[in-house]
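The values are calculated or read from the model by the stated rules, or taken from the named source; none is laboratory data. Computed from a prediction, not measured in an experiment: that's the story for all the values here. Glycine also receives a Cβ, built like all others from the backbone with ideal geometry; neighbour counts cover every protein chain displayed.
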Amino acid sequence: MATSVKEIIRRRKSVRTFSGETLRSDDRQKLDEFLKTLNNPFGVPVEFRFLDAKEYNLSSPVIVGTEKYVAAKVSHIPQSEIAYGYSFETFCLFAESLGIGTVMLAATISRSAFEKAMEVKDTEVMPVASPIGYPADRQSVREKLMRKGIKADERLPFDTLFFENSFAQGLIPEHAGLFQDALEMARLAPSAGNKQPWRAIVCGDKVHFYEKKTKAMSNNPLGDIQKVDVGIALAHFDLTLKESGISGSFAVGDYGFATDDSIEYIVTYEVKH
Ligand SMILES: Cc1cc2nc3c(=O)[nH]c(=O)nc-3n(C[C@H](O)[C@H](O)[C@H](O)COP(=O)(O)O)c2cc1C
């Protein structure tokens, strides 16, 4: 990406109101090329497709000004939602770098039409789809109201999301060391209903990531959408570290931090020396 990942993350906002201009062929080509190289640190392949709304009878009540969508599906296996969120967000950030707008939609889509268009098998899931196009100059009234309703421009404070050595001690940015920027970028991630379910404990060179479940969102037959949110935050975290030349790996470990039922351990990041 030509612009820095941090700049792109900071300026990205969901786009639901599009200009009506058709995606230019050079931009479409760049997106196609990007998808060919797109992967995630969890080794789970995510399959993307561009879809035409008219061809497949697709709709979303919150979207105006584009007929084009991008959707993705993944085999329903361990860590698939995390991998999915990571890959889909990496795609959205690349689109943003080209001035192309997106918004992940889990609820407000004609789901069965999208799943049919994606040929989703019994062993697969399609958590979200996104419209794609150039943002309109002004948001629709409906979009403005929606954003206000879910406080889309706000995020929880750093020391509410991130902790030092255990869940007992909130982490202030100045104590986060080489993880400071990466965690700040994770903090800015988009999430379903803007619930921001990611939590992390920094312990030396390791960061343990958790999902803090929202009651109303658990037990969804479509799978756990908040794990997709955690995957999105992990993409912001990992891409920021990579850009500053820090590499590391994700692995599931057994670290035994006391948690209640609403908090699920997801994965640990460890810096490579
Ligand atoms: C997994 C996921 C599912 C979402 N589902 C919807 C949806 O069904 N309808 C919608 O209008 N927005 C949806 N959103 C967009 C969020 O509301 C939005 O990301 C959040 O309010 C923060 O705003 P921002 O993306 O502009 O920073 C979803 C976002 C994510 C990450």
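Is it the case that segment 7-23 has a residue that's more than 16 Å from P135 (Cα to Cα) and polar (S, T, N, Q)? No, there is no match, as no residue in segment 7-23 is more than 16 Å from P135 (Cα to Cα) and polar (S, T, N, Q). Selection within segment 114-135: residues that are more than 9 Å from the ligand (Cβ to nearest atom) and in contact with a helix residue (DSSP H, G or I) (Cβ under 6 Å, 6 or more places away or on another chain). The member of this set that is farthest from L23 (Cα to Cα) is M126.
Determine, yes or no, whether E115 is under 21 Å from K227 (Cα atoms), at pLDDT 95 or above and loosely packed, with under 14 Cβ neighbours inside 10 Å.
Values: under 21 Å from K227 (Cα atoms): yes; at pLDDT 95 or above: yes; loosely packed, with under 14 Cβ neighbours inside 10 Å: no.
Judged against the criteria, E115 is not a match.
Residues that are hydrophobic (A, V, I, L, M, F, W, C) and either closer than 20 Å to T3 by Cβ or away from the ligand (no atom under 12 Å from the Cβ) (or both) within segment 104-113 comprise just one, A113.
In this structure, V128 does satisfy being buried (at least 20 other Cβ atoms within 10 Å of the Cβ) and either more than 17 Å from T259 (Cα to Cα) or at pLDDT 95 or above (or both).
For the condition more than 11 Å from the ligand (Cβ to nearest atom) and either among the hydrophobic types (A, V, I, L, M, F, W, C) or in contact with a strand residue (DSSP E or B) (Cβ under 8 Å, 6 or more places away or on another chain) (or both), L98 qualifies. Within segment 135-168, the set of residues being in contact with a strand residue (DSSP E or B) (Cβ under 9 Å, 6 or more places away or on another chain), loosely packed, with under 13 Cβ neighbours inside 10 Å and either of a type in the set (F, W, Y) or on the phi > 0 side of the Ramachandran plot (or both) comprises just one member, N165.
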